[in-house]
Amino acid sequence: MTSESKLAPVISGTRRTLLEFLLVSDANAVTLARQLGIHISAVRSHLDVLEVAGLISSRHEHAKRGRPKRTYFLTDSARTLFPQQSARVFSLLLQAAARSLGVKTSTSLIRQLVTSLWEQILPEKPSGKLEDRLRRVVHALDSFGFYASLEQLEGQFVIIIRNDVFGEAFSEAPQDFADQFYQEFWNHLARILERVHIHRREVTEPGEHGYRLYVVERRE
């Protein structure tokens, strides 16, 4: 795996910003230059360095007009530079298992694990209007490494998750265990927020990554 400490000179400053943009979605040099507000030749120079370092790769995509454009995307090595919480998940899983001696169902273990994680992510329960509570939650998730943001789509609050900090932890786990963990993790957030339902949807747009959490307020 690529070590961030060894690559610190390569990924500092503008190059780090380029990687963060590519974490959100794949992009060509023109788009990246526009987002950074710098000349396209400077962007291409930085991209060349990142590609040589093995942090990005590229593919050619046909454009509506003109020649095919080179689209850049992060490599798996680059993704390891962004926050991951695998060690914490397994550490808390072991603690939960120790507290649950005699409990045979994985459901009980997962619930304890999720509770412990949320106690670290969000030590204090948010209060106020739903939007205020969501902003507190998004800030906590972002600080934890999820690269989270809050948007409103057609009048509905949506939490955008760009970096799945638990992805590596469950890469070797049975799919049903991973599914149960994610369902309980976001259900627990719904209980923290109170009077809401949360629906998780994978991002399906080409070149984009992560998933979205649609927050629906319950009318009682």
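Rule-based calculations on the coordinates, nothing more; no lab input. Everything quoted here is computed from the prediction, not taken from an experiment. Here the Cβ is made from the backbone with ideal geometry for all residues, glycine too, and neighbour counts use every protein chain on show.
Within the chain, the longest segment free of exposed loop sites, counting trypsin sites (Lys or Arg not before Pro) that fall outside DSSP classes H, G, I, E and B and have at most 15 other Cβ atoms within 10 Å, spans 130-194. Taking the C-alpha atoms only, the angle from helix 106-121 to the longest principal axis of the chain is near 60 degrees. With respect to the chain, whose longest principal axis is taken over its alpha-carbon atoms, helix 175-193 is tilted by about 80°. For the chain, the longest principal axis of the C-alpha atoms and the axis of helix 86-99 are separated by about 10°. The Cα-based radius of gyration and maximum Cα-Cα distance (Dmax) for the chain are 19.9, 66 Å.
Compared with the direct C-alpha span, the chain from Arg59 to Glu184 gains 41.2 nm at full extension, assuming 0.36 nm per residue.
Straight-line reach from Lys125: taking Cα to Cα under 12 Å and skipping same-chain neighbours fewer than 8 places apart, the aspartates and glutamates in range are Glu194.
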